[in-house]
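Engineer: I'd like to ask you about the structure that follows.
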Number of protein chains: 2
Amino acid sequence: MSIKGNCIVAQSGGPTAVINSSACGVIQEAFKTDCITGVFAAHNGVLGVLDEDIFDLTREDTEQIEGLKRSPSSALGSCRHKLKSLDQSRADYERILEVFRAHDIHFFFYIGGNDSMDTAHKLSILAKEEAWPLIVMGVPKTIDNDLACTDHCPGYGSVAKYNATIAMEAGRDTEALYTHDTSTVMEVMGRNAGWIAAAMGVAHRSPEDAPHLIYLPEIPFTVEKFVADCKKVHKELGRIFVIAGEGINDGEGNYVAEQKGTFAKDSFGHTQLGGVAETLKGIIESEVGIKARYIKCGTAQRNGIHFASRTDRDEAYLVGQKAVQHAAEGTTGFMVTLERKSGKLYRCETGLAPLEEVANGEKKVPREFINDEGNGVTQAMIDYVAPLMQGEVEIKIAPDGLPEYTRFERHNLPQKCPKRGTQ
Amino acid sequence: MSIKGNCIVAQSGGPTAVINSSACGVIQEAFKTDCITGVFAAHNGVLGVLDEDIFDLTREDTEQIEGLKRSPSSALGSCRHKLKSLDQSRADYERILEVFRAHDIHFFFYIGGNDSMDTAHKLSILAKEEAWPLIVMGVPKTIDNDLACTDHCPGYGSVAKYNATIAMEAGRDTEALYTHDTSTVMEVMGRNAGWIAAAMGVAHRSPEDAPHLIYLPEIPFTVEKFVADCKKVHKELGRIFVIAGEGINDGEGNYVAEQKGTFAKDSFGHTQLGGVAETLKGIIESEVGIKARYIKCGTAQRNGIHFASRTDRDEAYLVGQKAVQHAAEGTTGFMVTLERKSGKLYRCETGLAPLEEVANGEKKVPREFINDEGNGVTQAMIDYVAPLMQGEVEIKIAPDGLPEYTRFERHNLPQKCPKRGTQ
């Protein structure tokens, strides 16, 4: 089967510091690939396909495309539009194929997490049913690092490096001011998996170094243990720096951030307001009796290209590039994976995993990466993540002293099919 | 008057990304200065003097001292211990002189804000009264940029650059996901003055660019105007990125984020602020009716040496160095200032201001730096701050991929005077 036609690339889900590098890998490789004629982008992921909001990447400045390698967030636009099963969301899938047909699109590169891989997988089934020749390739992306079938995910190394650096820096603040600001809680992303929180362990090079305590969603959280941990560290060091994954919970579905059940009230019966960081701050102040501050970098943490990992950035580019190379060879229905090679020096190659397997999998932090106490990590975790945080990304700086990031002009393709009726 | 003897350097108040550069300037210049014999540091500011917790900088590794130029927070330790008037806190001031006499300390370099300059000033008065030859020099430090008598303060350019970069990066996240996460509120430091918030205006290069709205403590805040502003921006762009200074208030002393309870005030009696971002997020969700996220980088923002301003770093070093040079010439009772020279190209020299004047002054953002609407800044503000954010600081990276920061061994001087009786 030899397919020739236009390609479309789209980004989905939460942005990362390096998801644009993956887009860059797809785009620059597609430009060089004979069987790919036009190179298009869907604005805001699959929503852009449904809305026929598609722009022509060949009309963008090549410098802006190159600039994707040093620009955070999703320059093509992203979305959180989840398509359900082929039966339930058939109209949407049909609509996607209608738009693909209208624009002679035979290659679809979807950069995203497991929901996106699910969408891509189902679309490839429908295309086959309806005999529209379509190559579908997935490109992995998630800061959460919880995708199955791959050693790690592009986006993770950068959020790990950036957050760990912030933990070191803010940790030095707590250290310098321990006579006054005695403790700090830093909340990091990771709803179901604690990979980001666990990576902060690299910053804990010595007992002095923050973070002193790390809590992950994988280990049931109890206020009693937390307070005991804090008291112990405070006694030893005179200060405490805590990392809390946003998804920490009691192991029975009650999330600390949800303020329900177990965590709804402090020991005085006061309702705890706010997210994880605020809740733990409140617990430290009332139960340990020392002052606490908190840090919640929110979406800033996943977009920190100004101090990203070069290794992560380069791998993000590579998985995009490889997706196109495999597509050109006729491969379809797979996501490009990262395979770590054995040996003392870190070496990583790409592989392939069926979209369906990725869609249905989830990878949590293994128990052996977490210490016995459940409040820190082991050397195995450090050895896993440190190679992913190596090197820096060079940023382009404008005369005003701040970075310059790519923004596309978005020359839209003319709309060829009537508006979709369904959302 | 020719003084010869030991010197002591101390850091006070909230740390910054470059306060260690000022310490480095003091230390390295003191090493080269003939009339200065021993070079000591007080651990945790004036508390270290009161507790006779003093370490010998000549016994520290010179590489660690050089590393101060690329290390955040206060490596000497800091404090928020405020000394009151000479009458009220006489025992403390006497105790400081007692310790100085015991260790033949004739030079005192205090790196801090206006409270520290006040302490330094009063100490110099008492030393004169008691005929202890003492040179007292202040070295300016505050991210808040609110010190009187100086064009700007070391620490400000770096927090401005780092926060503005984060606002750009997180702003791109809101832009990419505007179909889902429609608005973001980012809270930045600045209790009484909105200099940090105002600097974020540099990131707003075009109407598209975050931040779209900036609120400063200088302009009375009303929920009605805020909601109207948000609705307008949302209508125009489909998304909103807001910067809020932590000290925004209604103009009548009511802070948006006033906390109550045990930790409501710090030991200087300042009201502790926090919760502005959460409050505004709540207002946007209920009054504008769109989803809001928030970012609160807390102490991380003031320690961001990993993306600090080189200009700021170099000026921080310079004011430390100059303080020693002036001291060696017999100057006492002054703080080193930064004087911006007129002309198209930014040029800055140092000057001197009496400690007393600095202690009693405060500099807010002038009205002409704020736009008419009170929700953004003018070109005058951009022209003021952009030169302070120029250049990057090179960081030393360890094999684990994270930065290496200085931590002193702290070889303490033998204690020579009985413990102080007062706190």
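Engineer: So what are chain A's ellipsoid semi-axes, whole angstrom, largest first, if each one is the square root of 5 times an eigenvalue of the alpha-carbon gyration tensor?
Structural biologist: Working: eigenvalues 348, 99, 75 Å².
One finds semi-axes of 42, 22, 19 Å for chain A.
Engineer: A further question on this structure: Once you put a point 7 Å from the Cα of A:Ile125 and another 7 Å from the Cα of A:Glu329, both along the Cβ direction, what distance in nm separates them?
Structural biologist: Computed distance between label sites A:Ile125 and A:Glu329 equals 2.7 nm.
Engineer: With a cut-off of at most 11 other beta carbons within 10 Å, and DSSP calling the residue loop, which trypsin sites (Lys or Arg not before Pro) in region B:297-367 qualify? Please list them.
Structural biologist: Working: sites: B:Arg302, B:Arg310, B:Arg313, B:Lys322, B:Arg340, B:Lys341, B:Lys344, B:Arg347, B:Lys363, B:Lys364, B:Arg367; in loops: B:Lys341, B:Lys344, B:Arg347, B:Lys363, B:Lys364.
Answer in residue order: B:Lys341, B:Lys344, B:Arg347.
Engineer: If only Cα atoms are counted, what is the Rg of region A:117-227, and what is its Dmax, in Å?
Structural biologist: According to the Cα coordinates of region A:117-227, Rg and Dmax are 20.1, 71 Å.
Engineer: Here's a follow-up. Find the Cα radius of gyration of region A:156-303, compare it with 2.2 N^0.38 Å by division, and give the number to two decimals.
Structural biologist: Values: Rg = 14.1 Å, N = 148, 2.2 N^0.38 = 14.7 Å.
Here the Cα radius of gyration is 0.96 times the empirical estimate.
Engineer: Partner chain Cβ atoms within 10 Å, averaged over the residues of A:174-187 - can you pull that number for me?
Structural biologist: Values: counts 3, 7, 17, 12, 4, 11, 11, 8, 0, 0, 3, 1, 4, 1.
Partner Cβ neighbours, averaged per residue: 6.
Engineer: If the label for A:Phe31 sits 7 angstrom from Cα along the Cα-to-Cβ line, what are its distances to the same label in every other copy, in nm to one decimal, shortest first?
Structural biologist: Reported distances to equivalent positions: 5.0 nm.
Engineer: Taking the label point as lying 7 angstrom from Cα along the Cα-to-Cβ axis, what are the distances from B:Lys416 to the corresponding position in the remaining copies, in ascending order and in nanometres?
Structural biologist: Label-point distances to the other copies, shortest first: 8.9 nm.
Engineer: Percent of Cα-Cα pairs more than 48 Å apart in the protein assembly as shown, please. Present the calculation step by step, with values, prior to reporting the outcome.
Structural biologist: On the way: 80165 of 357435 pairs.
Every Cα pair in the protein assembly as shown considered, those over 48 Å come to 22 percent.
Engineer: Given R₀ = 25 Å, FRET efficiency for A:Glu392-A:Arg367 by Cβ-Cβ distance, to 0.05? Each step should come with its number before you reach the end.
Structural biologist: Values: r = 33 Å, r/R0 = 1.31.
That pair, A:Glu392 with A:Arg367, gives E of 0.15.
Engineer: Sort largest first and round to whole Å: the equivalent ellipsoid semi-axes of region B:4-88, each the square root of five times a Cα gyration tensor eigenvalue.
Structural biologist: 22, 17, 10
Engineer: So, one more: Quick one: if you stick a label point 7 Å off each Cα along the C-beta vector at B:Thr33 and A:Thr33, how many nm between them?
Structural biologist: 6.6
Engineer: Two decimals is fine: what is log10 I(q)/I(0) at q = 0.13, 0.15, 0.22 Å⁻¹ for region B:325-423, from a Debye sum with one equal scatterer on every Cα and no solvent?
Structural biologist: Scattering profile of region B:325-423, log10 relative to I(0): -0.97, -1.08, -1.17.
Engineer: Also, quick follow-up: Just checking the output field for A:392-401: average partner chain Cβ neighbours within 10 Å of each residue's Cβ? Working shown, then result.
Structural biologist: Details: counts 4, 0, 0, 3, 0, 6, 3, 2, 11, 17.
Per residue, the average neighbour count from other chains is 5.
Engineer: What do you get for GluC sites (Glu not before Pro) in region A:162-226 restricted to DSSP loop and a cutoff of at most 14 other Cβ within 10 Å of the site's Cβ? Intermediate values should be presented prior to the final figure.
Structural biologist: Working: sites: A:Glu169, A:Glu175, A:Glu187, A:Glu208, A:Glu218, A:Glu224; in loops: A:Glu208, A:Glu218.
Taking region A:162-226 and a limit of 14 other Cβ atoms within 10 Å, the loop GluC sites (Glu not before Pro) found are A:Glu208.
Engineer: Continuing with the same structure: Based solely on its DSSP helices, what 222 nm [θ] is calculated for the protein assembly as shown when runs of n ≥ 4 H residues each add -39,500 (n - 2.57) and the sum is averaged over all residues, nearest 500 deg cm²/dmol? Present the calculation step by step, with values, prior to reporting the outcome.
Structural biologist: Values: 24 runs with 266 residues, N = 846.
Theoretical 222 nm ellipticity from helices: -9500 deg cm²/dmol.
Engineer: Straight-line reach only, C-alpha to C-alpha below 16 angstrom: list the aspartates and glutamates that A:Lys82 could link to, leaving out same-chain residues fewer than 8 apart.
Structural biologist: Cα-Cα hits under 16 Å: A:Asp51, A:Asp92, A:Glu94, A:Asp115, A:Asp118, A:Glu356, B:Asp181.
Engineer: Let me ask another. Along Cα→Cβ, 7 Å out, is where each label goes; now give me the distance between the ones at B:Tyr346 and A:Asp104 in nm to one decimal.
Structural biologist: Inter-label distance under the simple model: 5.2 nm.
Engineer: Return the percentage of antiparallel bridges among DSSP beta bridges fully within chain A, rounded to the nearest 5 %. Don't skip to the answer; put the middle values down first.
Structural biologist: On the way: 15 of 47 bridges.
So the antiparallel bridges in chain A amount to around 30 percent.
Engineer: So, one more: Residues with amide H under 5 Å of B:Val185's amide H, sequence separation 5 or more or different chain, H placed in the peptide plane at 1.01 Å from N; which?
Structural biologist: B:Val242, B:Arg293, B:Tyr294, B:Ile295
Engineer: For region B:387-403 and region A:388-405, what is the separation of their Cα centres, given in Å?
Structural biologist: A separation of 11 Å, based on Cα centres.
Engineer: Check A:Leu352: other-chain or 5+ apart residues with amide H under 5 Å from its amide H, H built from backbone geometry?
Structural biologist: A:Thr337
Engineer: Express in whole angstrom the spacing between the alpha-carbon centres of region B:316-354 and region A:1-79.
Structural biologist: Answer, in whole Å: 52.
Engineer: Right, something else. Give the angle, between 0 and 90 degrees and rounded to the nearest 10, that separates the Cα long axis of helix A:310-328 from the longest principal axis of the Cα atoms of chain A.
Structural biologist: Long axis of A:310-328 versus the principal axis of chain A: about 30 degrees.
Bear in mind that the values in this text are calculations on the coordinates, not laboratory data. Here the structure is a predicted model, which means the values were calculated and not measured. For neighbour counting, all protein chains shown are included, and Cβ atoms are generated from backbone atoms with ideal geometry for every residue, glycine included.
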